[in-house]
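What follows is a set of notes on a single structure, which appears directly below.
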Amino acid sequence: MVTIHNLGFPRIGRKRELKFALEKYWQRQISQHELLDTGVALRQQHWQDQAALDLVPVGDFSFYDQVLDTSFLLGNLPARVRGLPGDALDNYFRVARGRASSDEAECSCVQAGEMTKWFDTNYHYIVPEFDQDTHFSLNAERLLEQIQEARQQGVTAKPVIIGPVTYLWLGKTKDGSDKLALLDALVAVYARLFKSLAEAGVEWLQIDEPILVTELSREWRHALTKTYHTLQSSPVKLLLTSYFGQLQDNLRLACELPVAGLHVDAVNAREEVPKLVDWLPSHKVLSLGVIDGRNIWKTNLNAVLAWLQPLHARLQNRLWLAPSCSLLHVPVDLRSEGQLDGEIRSWLSFAIQKLDELQILAKALNDGPEAVAQTLADNAAAIAGRKASGRVHDQSVKTRIDSIDKDMGKRNSPYQKRSILQRERLDLPLFPTTTIGSFPQTREIRQTRRDYRAGRIDEETYRAAMQNEIEHCVREQMDLELDVLVHGEPERNDMVEYFGEQLEGYVFTQYGWVQSYGSRCVKPPIIYGDISRPRAMTVAWIQYAQSLTGKPMKGMLTGPVTMLNWSFVRDDHPRSTTCLQLALAIRDEVLDLEQAGIRIIQIDEAALREGLPLRRSQWDNYLDWAVRAFRIAANAVRDETQIHTHMCYSEFNDIIEAIAAMDADVITIETSRSDMELLDVFDAFHYPNEIGPGVYDIHSPNIPTVESIVALMNKAMRRIPAERLWVNPDCGLKTRTWEEVRPALRNMVKASVRLSEKLAETC
């Protein structure tokens, strides 16, 4: 009999219950007890949703981030939160966001932990921190409590934890010491954890080592070998789990590690499965991730079943089936989408439906295809219907793609010449100040948008309300004396969804939310067909904002690579082709903004690095077409029009040459949480254009001081000439309140003035 299981379930709830509970708790509107009760209710619902599985994940639920949970499980707390008032949950949120609640005493506010992307996804994790004095201690109470909860609900629990080698690999040392020197002490704590789990009645433990799909040095490969030989006498059975890619040169290593079972991503590594079947010892389980945990298209069940049948005949009970990775990366339930276009809806599968697909495959293998014949026929009809639909392909888009030539991505002149014209036209001071785009999205703004969508107010009323918000944003920025203004984006629900709603080839859900980090959820649009721009998307709003001030107003756009990487993308042609379609649509908008007199246009590529393949050997191909797409979108403008781009919460040092090749006049990046560490690359790489290193961590409610901003900018000036530096926040301000934003930006402007004055004194 085939065993079916899941690697992880979305934790936010069907209607984002976790998000709202967290934000109420941080605002002290509910108690800690009420927040914990919400967690219990969500876990119980999620286990019920997975009740048909043979093994159900436990420990995948988190109040913020599973990597941060692992740090607390292992007793690895940064020194700055030790000894502060409050309990473990207070310290947990301090590491996550800088403070535990809105009324946190000033002495209890700390620098939040650095945040970056989880492999090649849009999920963010809190980076573990190490130094040579790091000590680990087991704190397994939370996990053990959840196992007991699951048992009371009748669930056969399979705890889920991040493996010790991946945990070390994900973290950073703060003193330059060797992370791997901590391995022995860390593995000893894992051994104690396994003993505790066995005493709690656990049989199988899912231990995630996704670094197996990356290129590993000899030292890290040895660390995996050493770790699992040390743990091979574990009293629980270990299911070593990899996902997001192929094992490649780590395939034999994965097969030989002394564990009870191995899970591989059979969506991305299907061609490796025959070798795995041959090489995996006969006493080990092989778990195949045959349902795509990263995208929302229905599985071709008949094709997968035909592929699995001979494998099942050979492996029998040793064959387990699961999604390719945790379902954290897809929405919860398609049944909530009552307003979605019926034809397109028939092509889709969310988390609940993916588990249904898993059950169908298992039943077909265990009982024969005739046991699910009608279901398989319905699935075949849906797959064929999507393939034959006339809504998917647009010949005019294909013709335009075919007409792209090498000159479409080139600026007329090099940066050195453009910068002279731009300085003359813009007349900006040293250390010009700006923001990244959005301003606080108040309850009133969101309600106005909802009323307009629901037809409760007409277009004229809606437009007037948004213009009032734009006026407010402009007035605030003028009062703060910022140098380059933005319109505040009150009309935008999301930086991808807003544009996708105005493009052909996109469709949108009501409840297709996915967690990005903590309480931050996104609703990725779905690209189902060829993309084109029927009409201008932003020009009227930006023109109106520019009419209110003589200062430069930035036109704000989302770049093609980010539009791609933050959408659920069609899987019937290359991602690079879809990206070029997006680039042409954004190019049209850029030219319309320039024609409307907008002097600065920002094209955000926050997700550029996110799409980077996990293996360096595959980077060049991705970066070639990603950079090409950005340049096609951005570079049709005149020399005197200044192009900005923005990137956030990723490691950019190893792709800095590709970023420079984008040839944006100004790039803004997140650097405050990393204490300008991301600028270390400029010690060796001469970045030719202008840069705005973020000095205000907008994901924390803490307000930066003038002194802290000046200190960060002084670090930046050691690497980049002052005349090419901007002063700006890390990211957009939509999640913050005006009460936080005003003093933070005021301090930013004061810091800019102080920096200019200090520089003048030394000249």
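Taking max minus min of the alpha-carbon positions on each principal axis, the range 532-582 gives extents of 47, 20, 15 Å, largest first. When shorter helices are ignored and each DSSP H run of at least 4 residues is given -39500 (n - 2.57), the per-residue value for the chain at 222 nm works out to -12500 deg cm²/dmol. Placing one equal scatterer on every Cα of the range 214-266 and applying the Debye formula, the log10 ratio I(q)/I(0) at q = 0.17, 0.18, 0.22, 0.24 Å⁻¹ is -0.52, -0.59, -0.86, -1.00. For L239, the residues whose modelled amide H falls within less than 5 Å of its own, excluding neighbours fewer than 5 places apart on the same chain, are L205, Q206, I207. Cross-link partners among lysines for K179, C-alpha distance below 24 Å, same-chain residues fewer than 8 apart left out? Within the straight-line cut-off, K179 pairs with K117, K226. To the nearest 10 degrees, how steeply does helix 706-717 sit against the main Cα axis of the chain, on a 0 to 90 scale? The helix 706-717 is inclined about 90 degrees to the chain. Close amide H contacts of I667 (hydrogens built in the peptide plane, cut-off under 5 Å, sequence separation of 5 or more or a different chain): T645, E690, I691, G692. Near G555, the amide H atoms lying under 5 Å from its own belong to I600, I601, Q602; only residues 5 or more places off or on other chains count, and H is placed 1.01 Å from N.
Keeping all protein chains in place, calculate the accessible area per residue for the chain (probe 1.4 angstrom), answer in Å².
The answer is 38 Å² per residue.
Here the average projected area of the convex hull drawn through the C-alpha atoms of the range 120-230 stands at 8.2 nm². A simple count of charges around W26, restricted to other residues whose Cβ falls under 12 Å of its Cβ and scoring Lys, Arg +1 and Asp, Glu -1, yields +2. Each residue of the range 276-290 is assigned a 3J(HN,Hα), and the resulting list reads 4, 4, 6, 8, 5, x, 5, 8, 9, 7, 10, 9, 10, x, 9 Hz, derived from the Karplus form 6.51 cos²θ - 1.76 cosθ + 1.60 (θ = phi - 60°), x at Gly and Pro. Across the chain, the fraction of Cα-Cα pairs farther apart than 34 Å, rounded to a whole number, is 50%. Using only Cα atoms and rounding to the nearest 10 degrees, what angle (0 to 90) does helix 415-426 make with the longest principal axis of the chain? So the inclination is approximately 60 degrees.
Please say if the range 445-509 is rounded, prolate or oblate, where rounded means a/c under 1.5 for a ≥ b ≥ c the square roots of the C-alpha gyration tensor eigenvalues, and otherwise the choice is prolate for a/b larger than b/c and oblate otherwise? Note, shape of the range 445-509 comes out oblate. Over the range 192-332, the ratio between the Cα radius of gyration and 2.2 N^0.38 Å evaluates to 1.06. Projecting the Cα atoms of L623, N139, P369 onto the dipole axis of the chain, where Lys and Arg carry +1 and Asp and Glu carry -1 at the beta carbon, places P369 farthest toward the positive end. Calculate what fraction, in whole %, of the accessible area of the chain sits on carbon and sulfur atoms when a 1.4 Å probe is rolled over the protein chains. Heavy-atom surface of the chain belonging to carbon and sulfur, 1.4 Å probe: 48 percent. Dimensions of the range 1-160 from C-alpha coordinates, computed as largest minus smallest value along each principal axis and given longest first, are 56, 40, 30 Å.
Starting from the Cα gyration tensor of the range 696-763, take the square roots of the eigenvalues, sort them a ≥ b ≥ c, and report rounded, prolate or oblate (rounded when a/c is under 1.5, otherwise prolate if a/b is larger than b/c, else oblate).
prolate
Taking a 29 Å limit on the Cα-Cα distance, which of the listed pairs K195/K298; K354/K398; K15/K354; K554/K715; K410/K758 fall beyond it? All intermediate terms of the calculation are to be shown ahead of the outcome.
Numbers: K195/K298 40 Å; K354/K398 32 Å; K15/K354 19 Å; K554/K715 27 Å; K410/K758 38 Å.
Those over the limit are K195/K298; K354/K398; K410/K758.
The phi torsions of the range 588-594, fed into the Karplus equation with coefficients 6.51, -1.76 and 1.60 and a -60° offset, translate into couplings of 4, 5, 4, 5, 5, 5, 4 Hz, rounded to whole numbers, with Gly and Pro shown as x.
What is the antiparallel percent of DSSP beta bridges lying wholly in the chain, to the nearest 5? Taking every DSSP beta bridge within the chain, about 15 percent pair in antiparallel fashion. Ranking I691, F130, A388 by Cα position along the charge dipole of the chain, where only Lys, Arg, Asp and Glu carry charges on their C-beta atoms, puts A388 farthest toward the positive end. For the listed peptides 405-418, 44-57, a ranking on the average number of other beta carbons within 10 Å per residue, highest first, reads 44-57, 405-418. Relative to one another, the C-alpha centroids of the range 393-456 and the range 325-391 are positioned 38 Å apart. Placing +1 on the Cβ of each Lys and Arg and -1 on the Cβ of each Asp and Glu in the chain, which of V189, L759, A200 has its Cα farthest towards the positive end of the resulting dipole? The residue sitting most towards the positive pole is A200.
Residue-wise HN-Hα couplings along the range 194-204, as the Karplus relation 6.51 cos²θ - 1.76 cosθ + 1.60 with θ = phi - 60° gives them from phi, are 4, 4, 5, 5, 4, 5, 7, x, 6, 9, 10 Hz; Gly and Pro carry x.
Centre-to-centre separation between the Cα atoms of the range 1-62 and those of the range 533-548: 41 Å. Across the range 61-122, the fraction of Cα-Cα pairs farther apart than 19 Å, rounded to a whole number, is 28%.
The values are calculated or read from the model by the stated rules, or taken from the named source; none is laboratory data. Just so it is clear, the model here is predicted, and its values are computed rather than measured. Counting neighbours? That spans all protein chains shown, and the Cβs are built from the backbone with ideal geometry, glycine included. Areas reflect the complete protein model, heavy atoms only, side chains present, ligands, DNA and RNA absent. Shrake-Rupley method; radii C 1.70, N 1.55, O 1.52, S 1.80 Å.
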